[in-house]
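Below: one structure, written as structure tokens.
The values are calculated or read from the model by the stated rules, or taken from the named source; none is laboratory data. Values in this document were obtained by computation on a predicted structure and should not be read as measured data. Here the Cβ is made from the backbone with ideal geometry for all residues, glycine too, and neighbour counts use every protein chain on show. Keep in mind that these areas ignore ligands, DNA and RNA; they rest on the heavy atoms of the full protein, side chains included. Shrake-Rupley method; radii C 1.70, N 1.55, O 1.52, S 1.80 Å.
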Amino acid sequence: DAGVTQSPTHLIKTRGQQVTLRCSPKSGHDTVSWYQQALGQGPQFIFQYYEEEERQRGNFPDRFSGHQFPNYSSELNVNALLLGDSALYLCASSLVVRAEVGYGYTFGSGTRLTVV
Amino acid sequence: AQTVTQSQPEMSVQEAETVTLSCTYDTSESDYYLFWYKQPPSRQMILVIRQEAYKQQNATENRFSVNFQKAAKSFSLKISDSQLGDAAMYFCAYRSFTSGTYKYIFGTGTRLKVLA
């Protein structure tokens, strides 16, 4: 049973550019959440997608946007990249029904984004 | 707003010994879930153990157990018979429920070193 798959694993971009990160959730999961993990920090919630809609958003600017497709996969887009956007971006999937009874996320291994 | 604090940036333990990682949190909610996640160098966050707030019994998963003190808002992780493979970053997480969805709030992590 495939877990959460993220691509690419590493990425280097220049300030001002745009980037798209991709996530395929664990088979059977319907909810995708994105987190940003800066070096030496814990993950910070960016947003969550369910039924192709953004359900909740963390304290991130509008430069961060996302999308969920009918097959539940998701993309995270970041426009006008800043040096401070350099981080590990983690995707986590869950099944909304199981989440209601406290089952945790399944995380991917992340995309390491470096902005130069 | 909920917060999670891990006051030990780094801990060391001798192989086969026991170590306790500390976590405190702040919330006004009465029912919630708490989690410990492990992040090895592979970067994937792995669920170690979870605790539902209304359950007074401390959760246990093999060599991992928690000491949940709801009144004190404390949630520590005890690792018994430490193994070299336990070396990783450990994150304490609080699951909050807002706007009909869940998100996780993570602490800053504790790096655990296991000495042979």
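General observations
- Accessible area of B:MET11 in the full protein assembly, 1.4 Å probe (Å², nearest 10): 50 Å²
- Panel note: contact residues of the range B:83-111 (accessible area lowered by at least 50 Å² against the chain on its own; 1.4 Å probe) correspond to B:THR101, B:TYR102, B:LYS103, B:TYR104, B:PHE106.
- FRET efficiency estimate (nearest 0.05) - Cβ-Cβ, A:GLN41 to B:ALA116, R0 30 angstrom: 0.55
- Rounded FRET efficiency, nearest 0.05, which uses the C-beta distance separating A:SER27 from A:HIS67 and R0 of 22 Å: 0.65
- At an R0 of 35 angstrom, the distance between the Cβ atoms of B:GLN83 and A:SER7 translates into a FRET efficiency of 0.65.
- Rough spin-label spacing in nm, given labels placed 7 Å along Cα→Cβ, for B:ALA16 and A:GLU52: 5.9 nm
- At a probe radius of 1.4 angstrom, the accessible area of the range B:65-115 per residue rounds to 38 square angstrom.
- In this view, the solvent-accessible surface of A:GLU53, computed with a 1.4 Å probe and all protein chains in place, comes to about 110 Å².
- Computed in the context of the full set of protein chains, the accessible area of chain A at 1.4 Å probe radius has 49% of its extent on carbon or sulfur.
- Mean residue ellipticity at 222 nm, helices only, chain A: -500 deg cm²/dmol; runs of at least 4 DSSP H residues each add -39,500 (n - 2.57), and the sum is divided by the number of residues.
- With distances taken between every two different alpha-carbon atoms, the range B:3-115 has a Kirkwood hydrodynamic radius of 14.2 Å.
- For chain A, the solvent-accessible area with a 1.4 angstrom probe is 47 square angstrom per residue.
- Dimensionless Rg/Rh of the range A:5-115 - Kirkwood Rh, Rg from C-alpha atoms: 0.95
- Here's the picture: a label point sits 7 Å out from the Cα of A:LEU95 along the beta-carbon direction, and within the range A:6-40 the residues with their amide nitrogen under 15 Å of it are A:25-32.
- Chain pair A, B: total accessible area buried, heavy atoms, 1.4 Å probe, Å²: 2000 Å²
- Whole-Å semi-axes of the ellipsoid equivalent to the protein assembly as shown (Cα gyration tensor, √5λ, descending): 29, 21, 16
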